[in-house]
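> Below you will find the structure I want to go over with you.
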Amino acid sequence: MIDLRSDTVTLPTAAMRAAMAAAEVGDDVYGEDPTVRALEERAAELLGTEAALFVPSGTMGNQVAIACHTRPGQEVIVEASSHIYNVELGTMARFSGVQPRVIPGERGVFTPAQVEAAIRPDLYYLAPTGLVCLENTHNAAGGRIWPVGGAREILALAHRRGIPVHLDGARIFNAAVALGLPARELAHGFDSVMFCLSKGLGCPVGSLLCGSGAFIAEARRVRKALGGGMRQAGILAAAGLYALEHHVDRLAEDHEHARLLAEGLAQIPGLSVVPPETNIVLIRIERGPDAATLCARLRARGVLASPAGAGTSPREVRMVTHLGISRRDVARTVDLVAEELRAAGA
Ligand SMILES: *Cc1c(COP(=O)(O)O)cnc(C)c1O
């Protein structure tokens, strides 16, 4: 199977498994797992923060951050198609007692002026704005990179109003590699940053939440409260250390494959394709089968893709490149999609 559904489907390589098998471990709830500590130190160094915390998932990382930054009754500014708002089960309301204040972005990105307008004035009967969240790269917008200048302006204006800003940087290394910048430059100024090991970096499990020493100390308490305290987690952390060493620069290959895939698909009558900035390709079926039908037909022929995520059109398909996808897989996928559209008379 050529699995283009997500970069979360990546399997650990033999070398990564060897690093995991050799990991020195201890009880991390006692602070005694040297491999987890090494991973947290390395993550903090790469993101330019004082400290970092290993968490089981990106969702937990984001939600721990929200719990630490806010107080019940506040609002959190999020983009309308963001992961935090759409696919984390309303957890900010459930665990942190806060409500989302939703801003529609232009392909996932909102402007500083939109943020300024959404921040509540200081009136006693309004829910105060407790946090702003950005997403880089933006998943539902097709792996879009949040413009660096726009992010800096939002950071400056939020901080002027005393409001912290969290970055959902699940794929921050994709953005960094695509821009040719160190990840710490994209993380600079944020009060916290979450990134995933379990996506394009190819690890089986895990994410990191990065921030100041005081923030991470509180985040460690909240993680434990949510049941996220892990014991000999060095087995998993070893995969993370391996990936941060060996799987970051190679993301450029995934971006190249996404570009080739998009170019090939764009030639097919009936399709329009957003040129990808990183590793996610959004395909719109202008004429031909709907997304679910096309995906079912492709599946029968050995290619897995998904109709694009929550709240989007039934005519959009998402394909994600990753370390399990070769140039040949890309060429084969383009051929099969072309055959299916031709067969449907598009
Ligand atoms: C995948 C993802 C997450 C959550 O990660 P999980 O490990 O699946 O919980 C958060 N934000 C974005 C943008 C993601 O793509």
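> List the pairs whose first member sits in the range 119-147 and is in contact (Cβ under 8 Å) with a residue 60 or more places away in the chain and part of a strand (DSSP E or B), whose second member is away from the ligand (no atom under 16 Å from the Cβ) and among the hydroxyl-bearing types (Ser, Thr, Tyr), and whose Cβ atoms are under 6 Å apart, counting only residues at least 6 apart or on separate chains?
Final answer for the pair search is GLY130/THR70; LEU131/THR70.
> Tell me, yes or no, whether the range 85-94 has at least one residue that is among the charged types (D, E, K, R), surrounded by 22 or more Cβ atoms within 10 Å (Cβ to Cβ), within 16 Å of the ligand (Cβ to nearest atom) and not assigned by TED's automatic domain parsing to the domain that holds THR333.
The answer is no; no qualifying residue exists.
> So, TYR125, is that one of a type in the set (Phe, Trp, Tyr) and within 14 Å of the ligand (Cβ to nearest atom) or not?
Details: of a type in the set (Phe, Trp, Tyr): yes; within 14 Å of the ligand (Cβ to nearest atom): no.
Judged against the criteria, TYR125 is not a match.
> Consider ARG221 carefully, then state whether it is basic (Lys, Arg) and more than 20 Å from VAL29 (Cβ to Cβ). Talk me through it step by step, then tell me what you get.
Numbers: basic (Lys, Arg): yes; more than 20 Å from VAL29 (Cβ to Cβ): no.
Spelling it out, it is not the case that ARG221 is basic (Lys, Arg) and more than 20 Å from VAL29 (Cβ to Cβ).
> Right, next: Please pick out the residue among PRO182, PRO164 that is modelled with pLDDT of 95 or more, surrounded by fewer than 17 Cβ atoms within 10 Å (Cβ to Cβ) and on the phi < 0 side of the Ramachandran plot.
Numbers: PRO164 fails: surrounded by fewer than 17 Cβ atoms within 10 Å (Cβ to Cβ).
Among PRO182, PRO164, only PRO182 is modelled with pLDDT of 95 or more, surrounded by fewer than 17 Cβ atoms within 10 Å (Cβ to Cβ) and on the phi < 0 side of the Ramachandran plot.
> Mind checking which residues of the range 50-79 are within 14 Å of the ligand (Cβ to nearest atom) and within 18 Å of ILE119 (Cα to Cα)?
ILE66, VAL78, GLU79
> Could you check the range 201-212 and list, in sequence order, the residues that are away from the ligand (no atom under 12 Å from the Cβ) and part of a loop (DSSP other than H, G, I, E, B)?
Of everything in the range 201-212, those that are away from the ligand (no atom under 12 Å from the Cβ) and part of a loop (DSSP other than H, G, I, E, B) turn out to be GLY202, SER212.
> Checking the conditions here, which among GLY169, GLY143, GLY189 is touching a strand residue (DSSP E or B) at 6+ places or on another chain (Cβ under 9 Å) and surrounded by fewer than 22 Cβ atoms within 10 Å (Cβ to Cβ)?
GLY189
> While we're looking at this one, here's another question. Here are some residues: ASP33, ASP28, ASP7. Which one is at negative phi, of a type in the set (Asp, Glu) and within 21 Å of the chain's Cα centre (by Cα)?
ASP7
> Another one. Any residue in the range 206-235 that is under 17 Å from ALA67 (Cβ atoms) and assigned by TED's automatic domain parsing to the domain that holds VAL25 sitting within a Cβ distance under 8 Å of a residue that is assigned to a loop (DSSP other than H, G, I, E, B) and acidic (Asp, Glu)? List the pairs, counting only those 6 or more apart or interchain.
GLY211/GLU50; GLY211/ASP191; SER212/GLU50; SER212/ASP191; PHE215/ASP191; ILE216/GLU50
> Which of the numbered conditions does LEU131 fail, given that it passes all the others? Conditions: (1) within 16 Å of the ligand (Cβ to nearest atom); (2) within 18 Å of the chain's Cα centre (by Cα); (3) not acidic (Asp, Glu).
Failing condition for LEU131: (2).
> Sort out which residues of the range 237-266 are under 14 Å from LEU4 (Cβ atoms) and under 17 Å from the mean Cα position of the chain (by Cα), and write them in order of number.
Residues satisfying the conditions are ASP254, ALA258.
> Against the condition assigned by TED's automatic domain parsing to the domain that holds ARG184, within 16 Å of the ligand (Cβ to nearest atom), surrounded by 18 or more Cβ atoms within 10 Å (Cβ to Cβ) and among the polar types (S, T, N, Q), how does SER82 come out, does it pass?
Yes; evaluated as a whole, the condition is true for this residue.
> Let me ask another. Can you find, within the range 186-200, the residue that is farthest from the ligand (Cβ to nearest atom) among those that are in contact (Cβ under 8 Å) with a residue 60 or more places away in the chain and not in a strand (DSSP E or B)? Give the derivation first.
Keep residues of the range 186-200 that are in contact (Cβ under 8 Å) with a residue 60 or more places away in the chain, which gives 187-188, 191-196, 198-200.
If we keep only those that are not in a strand (DSSP E or B) too, we end up with 187-188, 191, 198-200.
Values: ALA187: 15, HIS188: 19, ASP191: 17, SER198: 6, LYS199: 6, GLY200: 10 Å.
Applying the filter and picking the extreme gives HIS188.
> What do you reckon, is ARG107 within 16 Å of the ligand (Cβ to nearest atom), crowded, with 18+ Cβ neighbours inside 10 Å, not aromatic (Phe, Trp, Tyr) and not assigned by TED's automatic domain parsing to the domain that holds PRO275?
So ARG107 does not fit the description; no.
> Right, GLU116: more than 16 Å from the ligand (Cβ to nearest atom), touching a helix residue (DSSP H, G or I) at 6+ places or on another chain (Cβ under 9 Å) and in the same structural domain as GLY58 (by TED's automatic domain parsing) or not? Show your work before the answer.
Details: more than 16 Å from the ligand (Cβ to nearest atom): yes; touching a helix residue (DSSP H, G or I) at 6+ places or on another chain (Cβ under 9 Å): yes; in the same structural domain as GLY58 (by TED's automatic domain parsing): yes.
Yes: the conditions hold for GLU116.
The values are calculated or read from the model by the stated rules, or taken from the named source; none is laboratory data. Worth saying up front: this structure is predicted, and the values here are computed from it rather than measured. Neighbour counts are summed over all protein chains in view; Cβ atoms, including those assigned to glycine, are modelled from backbone coordinates with ideal geometry.
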